[in-house]
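In what follows, a structure is listed as structure tokens, so that the remarks can point back to it.
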Amino acid sequence: MLHVLQHPLAVHAITHLRDETTKPATFRTLAYQLGLLLAVEATRDLPLEDKPIQTPLEKHTGRVLNHQPLVVVPILRAGLGMVQPFLDIFPDVSVGYVGLERDHTTAEARSYYCKLPPLAGCRVFVVDPMLATGGSAAQALALVKQHGAVAPRLVCIVAAPEGVAEVERQHPGTIVQTAALDRELNHKKYILPGLGDFGARLYGT
Ligand code: URA
């Protein structure tokens, strides 16, 4: 289930992210802004509960977020660029980490690092800015499910149709929130038009 962010600010930020002349400092700011918009959008259906309060004028029953723990799980390393926005708007969010690398013999994503809190009963967001082949995202979703996550969501900045299809094939019904749906992958599995190597541009490597 694919949700594409519909907001002029997101379109604006994505265009500047794609621009090859954008320097790492600006790239990080734009990635942060997009991360904020995505974090808001991806949590649009968080459950609320009643909270009786006293305003300066009268008693009132307001509504606040219920106590379901939120966990954000970046896929290393590019996913790190999407963590801060979640921390800034949800101060109690926990962070788990999944490090994946491509196994050159099987061409499949292999986990080299996995540090996850118990995820049963949590609302889990796997974050990875570039959903390309979908291999890493599918692997990360499998790992968080092994740690108890139910219906984890995937949040990315740019998605390729191939990646969306692969996630749907391996994890049917997964909600994927993206800021842009691009055209296709090239023969090196980069997204077109894309923005190049997100991690390299984020960290200036
Ligand atoms: N990862 C990236 O950083 N960029 C792509 O285009 C695909 C995967």
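The values are calculated or read from the model by the stated rules, or taken from the named source; none is laboratory data. Remember, predicted model here, so these are calculated numbers, not experimental data. We place every Cβ from the backbone using ideal geometry, glycine too, and count neighbours over all the protein chains shown. SASA here: full protein model, heavy atoms, side chains in, ligands and nucleic acids out. Shrake-Rupley method; radii C 1.70, N 1.55, O 1.52, S 1.80 Å.
Here is a check on your reading of the model: is Ala159 crowded, with 24+ Cβ neighbours inside 10 Å, within 18 Å of Leu5 (Cα to Cα) and within 14 Å of the ligand (Cβ to nearest atom)?
When the stated conditions are applied, Ala159 passes them.
For His60, which of the numbered conditions (1) on the phi > 0 side of the Ramachandran plot; (2) over 14 Å from the mean Cα position of the chain (by Cα) fails to hold?
So the condition that His60 fails would be (1).
Would you tally the residues in segment 163-205 being within 17 Å of the chain's Cα centre (by Cα), within 11 Å of the ligand (Cβ to nearest atom) and either in contact (Cβ under 8 Å) with a residue 60 or more places away in the chain or open to solvent by 50 Å² or more (accessible area, probe 1.4 Å) (or both)?
The qualifying residues number 7.
Rundown of residues vs (1) closer than 18 Å to Gln68 by Cβ; (2) not hydroxyl-bearing (Ser, Thr, Tyr), yes/no style:
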site: Arg123; (1), (2): yes, yes
site: Gly134; (1), (2): no, yes
site: Gln146; (1), (2): no, yes
site: Thr174; (1), (2): no, no
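Within segment 95-154, can you find the residues that are in a strand (DSSP E or B), open to solvent by 10 Å² or more (accessible area, probe 1.4 Å), within 16 Å of the ligand (Cβ to nearest atom) and among the small types (Gly, Ala, Ser)?
Of everything in segment 95-154, just one residue is in a strand (DSSP E or B), open to solvent by 10 Å² or more (accessible area, probe 1.4 Å), within 16 Å of the ligand (Cβ to nearest atom) and among the small types (Gly, Ala, Ser), namely Ala109.
Return the only residue of Arg77, Arg18, Arg102, Arg63 being at pLDDT 95 or above, among the basic types (Lys, Arg) and closer than 19 Å to Gly163 by Cβ.
Going through Arg77, Arg18, Arg102, Arg63 in turn, the sole match is Arg18.
Could you look through segment 78-90, keep only residues that are hydrophobic (A, V, I, L, M, F, W, C) and within 16 Å of the ligand (Cβ to nearest atom), and pick out the one that is least open to solvent (accessible area, probe 1.4 Å)?
Here the answer is Met82.
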